[in-house]
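Below is one structure, written out as structure tokens, with a few remarks after it.
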Amino acid sequence: MTRHDATLRRRRRRALLRVRIVVAGAGALALALLLVAAVLELPEGPLGLAEEAAAQLAHTGVDHAVTAVLLNYRSYDTWLEVGVLLLAVMAIFALRGGAHLENVRPAPRRDPLLTWLTRLLIPMLTLTAGYLLWLGKFAPGGAFQAGVVLGAAGAMLRLSGTPSLDRIGDVAIRILLAVGFLAFLVAAVATRLAGLDMLELPPGRAGDIILMVETLATISIATTCAVLVMAMPGAESPPAIAAKDVRKEART
Amino acid sequence: MPAIDYTFWILPAILATSFITGVATFFLKETHANLRAWMNMLAAAVKVALVVAVMEGFFSGESFEMRFSIALGFDFLLRIDALSLLLTALSTALWFLTTLYAVGYMKGSENLNRFFGFFSLCVTASVGVAIAGNLITFFIFYEFLTLATYPLVVHKGTERAVAAGRTYIWYTLTGGSVLFIGIVWLYVLTGPVDFTPGGVVAGLVDDHPIELIAIFAIMMLGLGVKASLVPLHGWLPVAMIAPAPVSALLHAVAVVKAGAFGIVRVIYDVYGIAFSATLGVLTPLAVVAAITIIYGSLRALGQDELKKRLAYSTVSQLSYITLGATIPGLMSTTGSLVHLIHQGVMKITLFFCAGAIQITMGMTRVSEMSGLARRMPVTCACFTIGAFGMIGAPPTAGFISKWHIGVGSAQAGQEWVILVLLISSALNAAYFLPIVRSMWFGEERRFALEASTGAGRREAHESLLVPMIVTALCSILFGLLASWSLSPLNMARIIAETLYITE
Amino acid sequence: MIEPMAWCILAPFIGASLAFLLPGRVWRRPIAIGAIGATLASVWMLTSQVWNSGAQRMDLSGWPAPLGIGLAADGFSVFMIVMTGVVGSLIGAYALWHYSDLSDATEPAERRLFWPLWLILWGSLNAIYLSSDIFNIYVALEVITLAAVALITLSGKAEALVAAMRYLLAAFLGSLSYLMGVALLYATHGALDLVIIADQERAGLPEVGAFALMATGLALKTALFPMHFWLPPAHSKAAAPVSAILSALVVKASFYVLLRLWFGVFDGPAMYAVGILLGTLGSAAIIWGAFQALRQMSLKLLIAHSTVAQIGYLFLIFPLTARRPSGELAAAGWITEACTGVSYHALSHALAKAAMFLGAGVVLHVYGSDLLTNMRGMSRRLPITTFALAIAGVSLMGLPPSGGFAAKWLIVTAALGAGQWWWVLVILIGGLLTAGYIFLMLRWAFISEDAPIQLRPANMPIQLAALALALLSVLVGFRLEEPFQLLVIGDPFPIFDLP
Amino acid sequence: MTALLFDVLLALMLTVLAWRVVTTRELLQSVVLFIAYGLLMAIAWTRLDAPDIALAEAAIGAGLMGVLLLDTAGELRRRHGWRSEGGDDDTA
Amino acid sequence: MTLLSCGYMSVCFGVASAAGAATPETPVLTSHLVYMLTACLLFCIGLFGLITRGHLMRNVMSLNVMGGGVFLFLVAVARRDAGESGPDPVPHAMTLTGIVVALAASAFALALARRIHSITGEMRLEPGDDNS
């Protein structure tokens, strides 16, 4: 294929690309106009469930409305959502071919500033995570925020090269990851067996059940975030197959 | 009353005999040749016995029906009436003979389990077509027949056989889908409707005739593929690549008869002959049938392959049935119905002979067959009888049906039909007689196989001869003893009368 | 008393957690069989409960509709759950062998992760069919997408990863567009429950915008014609049981949600033009998918393109149930036929497609590759698999003795009854093209083998799983009363009560 | 009125940032802009008085997604060496 | 980019001026309306980015921009329906769940993209030397 054909082909592909950009742009703009028009026609005034949620707050065992919605009114959603997190980790294990984290990429070289910073920040991060978890009962905070902050602490450990989750065995990792999902599962099964609707928390003990479930959820969210950062499939294996024939196989 | 209501269970039993044998044959070992042969023969015998019992019961006034409702708004209905008895008798009898023939013919070739399995499934389908009580059940077996015949057409497994199978499938499935649309459209208009002599549609709907004509046209297109009307007959010569017993039973009796039988059912039991005449749909169909008759015979003239010539002769002979059916009149309907039987018997004789010649002498071309009678006198005699039947010479059955169609069309004032009959008989003579002449009076040619097998008589294996002789005798007896009470002609007359009385 | 609705979701989730926590070889088989058995039992209990005492509804975590999430099971959802259960358990039986140590096709990592992923997918499929809350449906759709993509990547082959990536991006875009629709609906109705939104009649620009977004998102996830680019590579490059799960079950979930929105939330029938548009896209899918399938040289790609085509049939329900601008229903008398026809097509397609993919899996295992040309003489070597593929083909083509025929019959009756005869032409051409590629596949099986090549033995259970599915897809065409009565319990297609 | 002005400005910044994220030439630059977009979004949540979402967004948008994206971008540059920033996407 | 910003400014001030002189039912430019309009724009910018860019990392970022747009819309709706007990908690819960789901999906997409990159050496699905 002479150079001329190559440039011709590239010019044709670039022209094709330009057409695609213009079309996509026009489409996106049209959609934007439709959405803006729809937004302008939205009904005014309070419509949502603010009052109902506030009114029933007393029975949910939690004072903060959002936590009540998350862990009592719509706890089924949160359960599926923790399931999504668990699935993401399972998918990454599927990509890596196994849950063992031993052969995780070697940590980058340790530089003194980062190690000092981690030694300072890690305790603070865990403390804030705990506080956030506790805060969830009566102020904005809760499982996700605490979990993600702890996860950030895990990521920090990973970046600074200090060994953390990759030292724990395979079974321990699996338990830590699944504990959030299991918490909701046990709650659902228990409420079913106790004759209540699924995930219906008895008003009396709702508060502490929510706290317990929240803590387990925080643990599993933190571990998930840390594993997400740690177990990213890196460049362990050199590119085995050239890009072209992979796409060719994908297309035939 | 016997414990089980045998009038309910006998019909599914008839179907089951060949269905179960078919499925069972799949699971046999390839080596169990004689077990397979005996199993199929036994099944054929049992089926013949059952059909005789049903026939005897029918004539003594009992009615046999099996109905269970499918929630789609119609019932799955198997029912014996005079018309279905005709085709059932034909299929079962000829299946018995063809199984015998096939055992002899296929000895030694592979994939026999698959062959005999699908062979029995085909017969189940063709009997099912015969005893179907309404259009939807008819369609179910009609399509089942297509599926069961495909593996037989491609049995040899060569590229050519598979290519032939593909054309066969394209034609028959297109026909099937078009017929499906017709049936659904009729169902939408008239609701669930069973076959009743004298037609059902007339009373139900008279406010939109155009739709009815359209439905009739669509149905004729769908059925025309299997009944090999002119533009849609392309698959029949191509499917001749299948082994001889397949061509014999399927392409002379089962598959094509399903199409012709369907046309008769639609004209008489769905639309009713009188209503279709008023609708004016019959004349175009008659014209197409006439064209097919002439065209089929013309094409047959030019074929050097014996089986191809027989295929084109089937194309034209079948249209006799359609032609007879479209002419309103007692005689012509009887002629058309009785031709259903006669053509089956005669054509199967010719295919048996063609198969025998191919197996024993390895000859498939007409030009090679001069002086064959000296080597295979019995086969050639049967071939001659079959040929004369096709031409319509007096003592044979062919003459009877052509005579009835001719007289019927004269009574109905459509003389041009007689002209068509004459031309086609002449053409039949033109492409059959030269073969017969060269067989008997042609000088002996050095036969390729002679060196190895020595001079003198070299008849086919007796398992090929017996069915051939039986069918040849039948084609004569049906002609000579036409007036006998149990003859096919008499049965056809009874059916015709039932169709017209309730008009 | 046991509330089967909850257990239809709990049982697979319990199985999935156990399978994830105990990945050891010794535990795998008992957990898998136990989970499948428990789920089938709860599905059976749910069916009998709905059969005897009509549609059920349960408010989760004790809070009634506007605040809490409701689970509702009417005839249509139970029909889909039974479909998922039956097809899922038979695929599970195949997977029990495929992901066991007997087969050398899979590495230990795959075997450990298949069951957790598949059981969570199964649980969330049941969750979607039961959920009556549009945001909950979003989260469940997301779970399904992630689990499905993870299952595709299990095989680890390079082109499987590329196909999985394309599927993930498309599905992620679909979910976000669906979520934007949910947001718009919440902004106009202030509630998330299907029943509450359906009661509030409010048709304005926001509603139309919401439907446009949700319909596009769901159509993207169901791979309707213009947006089907991701399906063929994804469904053909995955392992056999995974492709069966994707084609037969996962694709139907987003279609089910679209149907729920069409009948319930958006009073779909009022949108005649939208119905016609969806119908035309469906017809284009039928023709284009079948045409593409005819050009394939590998069996799994052929079957994947056939999925694209068969999905087109499902979308014919929209024009048939739409109401003409003049107000009277297009197919006034034939709504039941249209709805039962399409649901029945979903069922028979699921059975037939799963049978074909499992059959293709057997061919892949025995012949080493699923190229059509080396299926030569297959009818002698693998008679049961050829028989299964043939019967599944018969059901796909809609030939009489099969479930596909009943579905085609109902859809054509509805189309002719509605006077929209052009759909009938599409079905006619689609049926013939389907026959084209089915016999394109079968012709290789009948061609006699030239050089007898050495093959790996195909043990019986996997062939029987494929055969069982194929036979079911035919037998389902015989006994129709009970499924039809089941389908209309709880009035899932609420056009009838319109004035 | 000033609050409204601040909202409009914030909204404008968000949109411009989003546009820049999507259309910058350099990959690393768009990653950094994406992290800025995350932080700005956190501010928007506080403006709409949703503090818990602000916290979550800051931790996830800037924190985790940022780490993942930067790590991947670093991986790309390590794989393609330093010759061209962002390696395989030199033009817009 | 400048074109876009002045376009955007004109939309906002157009609505504001309309609000000023408009009859009561046209929406006055309240803060939640600003954010709703921005949400729509973000959604469409993300969609545009996803369609026109082939690079996998860019696709993930565009999807997150789209997600951000949807969540902004949800929380703006919550603000609009705010009662005396503060904004409506249900959209907040939906947004939190949505953010976490978007995180999980994006992390998996990135992992998959890196695996594809390590196998095929390229971070895109279709050939495209420039930044298509």
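The values are calculated or read from the model by the stated rules, or taken from the named source; none is laboratory data. Every value quoted in this text rests on a predicted model; they were computed, and no experiment measured them. Here the Cβ is made from the backbone with ideal geometry for all residues, glycine too, and neighbour counts use every protein chain on show.
The table below gives the values:
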quantity	calculated
Condition check for B:F8: modelled with pLDDT under 80, within 18 Å of B:T124 (Cα to Cα) and not charged (D, E, K, R)	yes
The range B:120-176, subset of a type in the set (K, R) and in a helix (DSSP H, G or I), residue nearest to B:A13 (Cα to Cα)	B:R166
Answer residue from the range D:49-70, given it is more than 12 Å from the chain's Cα centre (by Cα) and surrounded by fewer than 19 Cβ atoms within 10 Å (Cβ to Cβ) and is nearest to the other protein chains (Cβ to nearest Cβ) among those	D:P51
Residue count for the range C:410-451, restricted to those that are touching a Pro at 6+ places or on another chain (Cβ under 9 Å) and facing chain B (nearest Cβ under 7 Å)	1
Count of the range A:177-223 residues which are in a loop (DSSP other than H, G, I, E, B), of a type in the set (A, V, I, L, M, F, W, C) and crowded, with 20+ Cβ neighbours inside 10 Å	3
Selection within the range C:104-136 - more than 10 Å from every other protein chain (Cβ to nearest Cβ) and in a helix (DSSP H, G or I)	C:R111, C:W115, C:W118, C:L119, C:W122, C:L125, C:N126, C:I128, C:Y129, C:L130, C:I134
Matching residues in the range A:158-171 - criterion: being more than 11 Å from chain C (Cβ to nearest Cβ) and not β-branched (V, I, T)	A:R158, A:L159, A:S160, A:G161, A:P163, A:S164, A:L165, A:D166, A:R167, A:G169
Residue in the range A:85-106 that is farther than 22 Å from A:I175 by Cβ, of a type in the set (V, I, T) and at pLDDT below 90 present	no
Test set (1) free of Cβ contacts under 8 Å to residues at least 40 places away in the same chain; (2) more than 9 Å from chain E (Cβ to nearest Cβ); (3) under 22 Å from the mean Cα position of the chain (by Cα) - A:S75 fails condition number	(1)
Some residue of the range C:86-102 being among the polar types (S, T, N, Q), assigned to a loop (DSSP other than H, G, I, E, B) and modelled with pLDDT under 95	yes
Test for B:K107: is it out of contact with any His (no Cβ under 9 Å at 6 or more places or on another chain), among the basic types (K, R) and either without any contact (Cβ under 8 Å) to a residue 40 or more places away in the chain or within 18 Å of B:L249 (Cβ to Cβ) (or both)	no
Scan of the range B:394-432 for residues that are part of a loop (DSSP other than H, G, I, E, B) and either of a type in the set (S, T, Y) or surrounded by fewer than 16 Cβ atoms within 10 Å (Cβ to Cβ) (or both), ordered by number	B:P394, B:P395, B:T396, B:G413, B:E415
The one condition in (1) β-branched (V, I, T); (2) at pLDDT below 85; (3) in contact with a helix residue (DSSP H, G or I) (Cβ under 7 Å, 6 or more places away or on another chain) that B:T384 fails to fulfil	(2)
Qualifying residues in the range C:380-399 (those that are farther than 18 Å from C:A354 by Cβ and surrounded by fewer than 24 Cβ atoms within 10 Å (Cβ to Cβ)) - the one farthest from the other protein chains (Cβ to nearest Cβ)	C:R381
Scan of the range C:18-48 for residues that are without any contact (Cβ under 8 Å) to a residue 60 or more places away in the chain, within 14 Å of another protein chain (Cβ to nearest Cβ) and under 28 Å from A:G169 (Cα atoms), ordered by number	C:L18, C:L21, C:L22, C:G24, C:W27
Criterion: assigned to a helix (DSSP H, G or I) and either within 30 Å of C:P206 (Cα to Cα) or facing chain E (nearest Cβ under 7 Å) (or both) - qualifying residue of A:A88, A:A94	A:A88
Residue count for the range A:56-68, restricted to those that are part of a helix (DSSP H, G or I), farther than 13 Å from A:L201 by Cβ and within 9 Å of chain E (Cβ to nearest Cβ)	3
Those residues of the range B:107-164 which are more than 12 Å from chain C (Cβ to nearest Cβ), under 21 Å from B:M41 (Cβ atoms) and either of a type in the set (S, T, Y) or in contact with a Lys or Arg (Cβ under 7 Å, 6 or more places away or on another chain) (or both), in sequence order	B:F116, B:S120, B:S126
Subset of the range C:148-165 that is assigned to a helix (DSSP H, G or I), facing chain A (nearest Cβ under 7 Å) and among the small types (G, A, S) - its residue that is farthest from A:G83 (Cα to Cα)	C:A158
Pick from the range A:122-168, criterion part of a loop (DSSP other than H, G, I, E, B), farther than 24 Å from D:L48 by Cβ and in contact with a Leu (Cβ under 7 Å, 6 or more places away or on another chain), ranking: modelled with the lowest pLDDT	A:S164
Selection status of C:A407, closer than 30 Å to B:L179 by Cβ, in contact (Cβ under 8 Å) with a residue 60 or more places away in the chain and touching a His at 6+ places or on another chain (Cβ under 6 Å)	yes
Selection count where residues are more than 30 Å from C:Q485 (Cβ to Cβ) and touching a residue at least 40 places away in the same chain (Cβ under 8 Å), scope the range B:35-81	19
Criterion violated by B:R457 - all others in (1) touching a Lys or Arg at 6+ places or on another chain (Cβ under 9 Å); (2) at pLDDT 85 or above satisfied	(2)
Selection from the range B:360-375 of residues that are closer than 15 Å to B:L350 by Cβ and in a helix (DSSP H, G or I)	B:V366, B:M369, B:L372
Number of the condition not met by C:S77 [criteria: (1) among the small types (G, A, S); (2) over 21 Å from C:A350 (Cβ atoms); (3) part of a helix (DSSP H, G or I); (4) touching a residue at least 60 places away in the same chain (Cβ under 8 Å)]	(2)
Cβ pairs under 7 Å, 6+ apart, first in the range B:452-473 and closer than 17 Å to B:G362 by Cβ, second at pLDDT below 70	none
Residues satisfying the stated conditions in the range B:73-110, i.e. in contact with a Pro (Cβ under 9 Å, 6 or more places away or on another chain) and part of a loop (DSSP other than H, G, I, E, B)	B:G73, B:D81, B:M106, B:S109
Failed condition for C:S42, given (1) of a type in the set (S, T, Y); (2) in contact with a Lys or Arg (Cβ under 9 Å, 6 or more places away or on another chain); (3) assigned to a helix (DSSP H, G or I)	(2)
